[in-house]
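These notes concern the structure reproduced below.
The values are calculated or read from the model by the stated rules, or taken from the named source; none is laboratory data. Please read these numbers as outputs of a predicted model, since none were measured by experiment. No Cβ is skipped: glycine too gets one built from the backbone with ideal geometry, and neighbour counts run over all protein chains shown. For accessibility, only protein heavy atoms count, side chains too; no ligands or nucleic acids. Shrake-Rupley method; radii C 1.70, N 1.55, O 1.52, S 1.80 Å.
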Amino acid sequence: GLALWFFAPLWAFLVFVVLEVVAALLVATTMFWRIRIDASGFTATAGPGWPRFAIPLSEVESCAVITVTPMRDFGGWGIRWGAKGRIGIVTRTGSALEIRRKDGRTLVVTVSQAEQGAALLNSLAQRVQ
């Protein structure tokens, strides 16, 4: 494989390097998230401001604390699609918020202090209903 690069045109090598750098940056930027729970609902925003997931309080059915093992539950880290249509923002093993929407969709986000986050989101969502 490596020997092929000695015979490849320079432009092909440069395109490959640029694509690899862009892919690495995309992966790196989605490993750091800002999580906010307030009167508007739940928001998870990646480091550079995109992607962003927002769930208004009026759409929150419930929020529970679960334990996530990235490989077992989602097949890895990052933004993942899991079993039963769940979307996961998985940055580590451990506690996570499992936010169930009224339409049946579920978002799972690994966070520290998941118990406090779930209690706050459930409390705020109950006030809206």
Self-check item: When residues of segment 17-42 are limited to those that are within 16 Å of GLY88 (Cβ to Cβ) and either without any contact (Cβ under 8 Å) to a residue 24 or more places away in the chain or not in a loop (DSSP other than H, G, I, E, B) (or both), the one least open to solvent (accessible area, probe 1.4 Å)
Solution: PHE42
Quiz item: Where residues in segment 85-129 are part of a helix (DSSP H, G or I) and under 15 Å from the mean Cα position of the chain (by Cα), which of them is modelled with the highest pLDDT?
Solution: ALA114
Quiz item: Using beta carbons and a limit of 9 Å, which pairs, at least six apart or on different chains, have the first residue in segment 98-124 and under 14 Å from THR67 (Cα atoms) and without any contact (Cβ under 8 Å) to a residue 40 or more places away in the chain and the second one open to solvent by less than 90 Å² (accessible area, probe 1.4 Å) and assigned to a loop (DSSP other than H, G, I, E, B)?
Solution: GLU98/ARG86; SER112/ARG92
Quiz item: Could we say that PHE53 is modelled with pLDDT of 95 or more and not β-branched (Val, Ile, Thr) here?
Solution: yes
Exercise. Among the residues of segment 43-56, count how many are touching a helix residue (DSSP H, G or I) at 6+ places or on another chain (Cβ under 9 Å) and exposed (fewer than 12 other Cβ atoms within 10 Å of the Cβ).
Key: 1
Quiz item: Applying the selection to segment 57-71, what residues are within 29 Å of GLN126 (Cα to Cα) and either of a type in the set (S, T, N, Q) or open to solvent by 50 Å² or more (accessible area, probe 1.4 Å) (or both)?
Solution: SER58, GLU59, GLU61, SER62, VAL65, THR67
